[in-house]
Amino acid sequence: MAVTVKECLELQLQEVEMLLSMFPKRGEISLNEDAVPAIQRYLRNANGALPPQLEYCIAVDVGEAKVKVELQVLLPHMYPQVAPQLFARSDALHRQQQLHLNTRLASHISSLDSGDLCICEAVQWVKDNSLPYLENRKISSECASKEVRVKQTLHRMWIYSHHIYRQELRKKIFDSAKKLNLTGFCLTGKPGVICVEGLQENCEEFWRVIRYPSWKHISCKHVDNIETEGSIDNLRLFHGFEDLQFQAHGDYGLRNDYHMDLGQFLEFLKQHQSGHIFQILFGLEGKLSDK
C-alpha cells in the first residue's frame, strides 16, 4: 500500500518531538517556530496546499573539547520514503574537509533501510565520525604555520645574445618581464644581454616565451638561486626592468653593425653587485670605461 504525504508528515513531527526531548537546551535545535504549526494545520485539512518543507539545524558537541558541528536538515514532504537532505558544517573545518565528511555521511544514510526515520542516526554518526576531521584540521593548521617559514628561492637568469635590435623582439621582452613580475634589464645592441630575476617558474616561462619560435643566437650563460626565509624581493638586485642603451661604436651606416660600450656595461654590473658576471658572459676580464 502506497504511503501518503500525510503519513510521512506525521512521522516527521514525531521525529522532531523526539529530537527536542534529546536536545532540550536552548540553541541545540534551531527550528522555525511556524514550521510545526504549518504542518499541523495541513494534517487537520489535507485538502489545502502543502506546507513548507520542514527544516532545522542541530548543534552536535564533538570530542572532549565539545567542538560544535551543525547538522542542517531539510526534509522532503515524502521523507522518510525518500532521503533527507543533510549537511554537516563547522567553523573548525575547512571546505575540503567538510566535503569529505558530508560525502561519508551521505553514503552512510543511503546504506540504511528505505522508509525508516534516520535523523537521530545521522546525529549519532556525526558525533562519532567528525573527530578525525577536526584533528586533521589542527594538523593542517600547524603545517600551514610551518609553511609560512619555508624558505623561498630567488631565481636569476643571465642571458646572452649575439645582438638585440628588432623593436618587436624588444617589446616581447619588456612585456613578458612586466607580466611575470620580473626585474632586471635588457641591453640592446651587439652584444645583447638580458637579466631576469624573480620566481623560478616565472623566469622559466620568460625564457620559453622569448625563445619561441626560434631565436638562434641566444643562450642562458648563468643562473643564480638564492634561498631566503623572507621575501624574495629583498634579494633582488634591480628595482624594475631597465632598458640599457650605452654609447655605441662602429659603422652607423650599417644598421646591425654597432657594438655597445662594454666598459660602461661593466660599470653598470658592478653598481649592481654583479661585476663577476662580465667574465661569465664574455669570457674575459672587463675594464671600466674612461670617464
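The values are calculated or read from the model by the stated rules, or taken from the named source; none is laboratory data. It should be emphasised that the depicted structure is a prediction, and the values quoted were computed from it without experimental measurement. Using ideal geometry, Cβ is built from the backbone for each residue, glycine included, and neighbour counts are taken over all protein chains shown. We work out accessible area using only protein heavy atoms, side chains counted, and drop any ligands, DNA or RNA first. Shrake-Rupley method; radii C 1.70, N 1.55, O 1.52, S 1.80 Å.
Can you tell me which residues in segment 6-19 are open to solvent by less than 40 Å² (accessible area, probe 1.4 Å), touching a residue at least 60 places away in the same chain (Cβ under 8 Å) and either within 17 Å of A46 (Cβ to Cβ) or in contact with a Gly (Cβ under 7 Å, 6 or more places away or on another chain) (or both)?
C8, L9, Q12
Specify the residue that is surrounded by the most Cβ atoms within 10 Å (Cβ to Cβ); the eligible residues are those in segment 68-79 that are in contact with a Ser or Thr (Cβ under 8 Å, 6 or more places away or on another chain) and of a type outside the set (A, V, I, L, M).
So the residue we want is E70.
Kindly provide the set of residues from segment 213-238 that are more than 20 Å from F268 (Cβ to Cβ), in a strand (DSSP E or B), open to solvent by less than 90 Å² (accessible area, probe 1.4 Å) and not hydrophobic (A, V, I, L, M, F, W, C), ordered by number.
Within segment 213-238, S219, T228 meet the criteria.
Condition check ((1) of a type in the set (F, W, Y); (2) under 22 Å from V16 (Cβ atoms); (3) at pLDDT 90 or above) across all residues:
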site	(1), (2), (3)
A65	no, no, no
R89	no, yes, yes
S114	no, yes, no
L134	no, no, no
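Which one is farthest from L20 (Cα to Cα) among residues in segment 118-132 that are touching a residue at least 60 places away in the same chain (Cβ under 8 Å) and crowded, with 18+ Cβ neighbours inside 10 Å? Steps first, answer last, please.
Kept after step one, since they are touching a residue at least 60 places away in the same chain (Cβ under 8 Å), are these residues of segment 118-132: 119-120, 123, 126-127, 130-131.
With the extra rule that they be crowded, with 18+ Cβ neighbours inside 10 Å, the set shrinks to 119, 123, 126, 130.
Details: I119: 12, V123: 13, V126: 17, S130: 22 Å.
The extreme case among them is S130.
With the condition kept exactly as written, say whether any residue in segment 23-33 is at pLDDT 90 or above, among the aromatic types (F, W, Y) and under 25 Å from L131 (Cβ atoms).
Yes, segment 23-33 contains a residue that is at pLDDT 90 or above, among the aromatic types (F, W, Y) and under 25 Å from L131 (Cβ atoms).
Can you pull out the residues in segment 25-46 that are in a loop (DSSP other than H, G, I, E, B) and open to solvent by 80 Å² or more (accessible area, probe 1.4 Å)?
Listed by number, the residues that qualify are K25, R26, N32, E33, D34, N45.
Within segment 95-106, how many residues turn out to be open to solvent by 60 Å² or more (accessible area, probe 1.4 Å), of a type outside the set (K, R) and over 22 Å from E55 (Cβ atoms)?
So the answer is 2.
Using the structure shown, decide if A65 is farther than 28 Å from E10 by Cα, assigned to a loop (DSSP other than H, G, I, E, B) and open to solvent by 80 Å² or more (accessible area, probe 1.4 Å). Step through it out loud before you land on a result.
On the way: farther than 28 Å from E10 by Cα: yes; assigned to a loop (DSSP other than H, G, I, E, B): yes; open to solvent by 80 Å² or more (accessible area, probe 1.4 Å): yes.
So A65 passes the test.
Condition first: small (G, A, S) and either in a strand (DSSP E or B) or open to solvent by less than 80 Å² (accessible area, probe 1.4 Å) (or both). Now tell me which residues in segment 47-62 satisfy that.
If the condition is that a residue be small (G, A, S) and either in a strand (DSSP E or B) or open to solvent by less than 80 Å² (accessible area, probe 1.4 Å) (or both), then G48, A59 are the ones that fit.
Given (1) in contact (Cβ under 8 Å) with a residue 40 or more places away in the chain; (2) open to solvent by less than 90 Å² (accessible area, probe 1.4 Å); (3) among the aliphatic types (A, V, I, L, M), where does M22 come up short, assuming only one miss?
The one condition M22 does not meet is (2).
Out of the residues in segment 174-184 that are in contact with a Cys (Cβ under 8 Å, 6 or more places away or on another chain) and surrounded by fewer than 22 Cβ atoms within 10 Å (Cβ to Cβ), which is farthest from Q200 (Cα to Cα)?
Only one residue tops the list, namely F174.
Count, please, the residues in segment 151-173 that happen to be within 28 Å of the chain's Cα centre (by Cα) and either hydroxyl-bearing (S, T, Y) or surrounded by 19 or more Cβ atoms within 10 Å (Cβ to Cβ) (or both).
The number of residues fulfilling the criteria is 5.
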